[in-house]
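Inspection log for the structure reproduced underneath, given as structure tokens.
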Amino acid sequence: MAPPFLPSPPVSSWSLPALSAAFPSSLFKVSKPHGGRALMTLPAYVDYMARQADEEPLYVFDATFTEAAPGIRKLYDVPHVFTKDYYAELGAARPNFRWLVLGPARAGASWHVDPALTSAWNALLSGHKRWALYPPHVAPPGVPLDDDGEEAHTSDDGLTSLQWFLEVYPTLPPGIRPIEFVQNPGTSMCPMKV
């Protein structure tokens, strides 16, 4: 199975040095291990990324990045297959619908279903990102699920990504393992048929 990649627009303005220079005092939401958030400037976060050796590094996960740095939205184009914005119909009830995510090596999301059962597109600017996917109706082995009546998602009591890959993954027979691939810089990925 070929990974579902889309061509990405030029992203030279999205290098960490360029973003840090363009938005030196904007505060972005940084996720802490085991929950909680902090605010950091991009220059401070880039410095942290260069120095850290954390098992579970901090990573930027910010749904309000366009408010924190208003000019940032002009630096990218939504891929043409996603130009119809169905959430715009909701007006003030619109949920979060875009995120800025930055992280060093070993940063990673826990198992999850995208909010409101949507499918995100993900542009990778640098580094490499390992993806592991199960169908939406399949719970990854060893991952407890919550069910809030509207959508299933992973529990905060579950394993970190690193723990899952070290402890659960090696025990899985090939037919139970997720679909896996590595995303390279300059590509956008969407885990759905378009």
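Here are the numbers for this structure:
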quantity: Selection from region 79-111 of residues that are under 16 Å from the mean Cα position of the chain (by Cα) and in contact (Cβ under 8 Å) with a residue 40 or more places away in the chain; calculated: L100, V101, L102, G103, P104, A105, R106, A107, G108, A109, S110, W111
quantity: Of all residues in region 122-142 being part of a loop (DSSP other than H, G, I, E, B) and under 14 Å from the mean Cα position of the chain (by Cα), the one that is surrounded by the fewest Cβ atoms within 10 Å (Cβ to Cβ); calculated: H128
quantity: So A109, is it out of contact with any helix residue (DSSP H, G or I) (no Cβ under 7 Å at 6 or more places or on another chain) and hydrophobic (A, V, I, L, M, F, W, C); calculated: no
quantity: Meets criteria (among the aromatic types (F, W, Y) and at pLDDT 95 or above) for Y45; calculated: yes
quantity: Leading residue by the ranking (nearest to the chain's Cα centre (by Cα)) among those in region 32-74 that are among the acidic types (D, E) and surrounded by 12 or more Cβ atoms within 10 Å (Cβ to Cβ); calculated: D62
quantity: Sole exception among (1) surrounded by 13 or more Cβ atoms within 10 Å (Cβ to Cβ); (2) touching a Leu at 6+ places or on another chain (Cβ under 8 Å); (3) modelled with pLDDT of 75 or more for F181, by number; calculated: (2)
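The values are calculated or read from the model by the stated rules, or taken from the named source; none is laboratory data. Just so you know, these numbers come straight off a predicted model, no measurement behind them. So basically every Cβ, Gly included, is an ideal-geometry build from the backbone, and we count neighbours across all protein chains shown.
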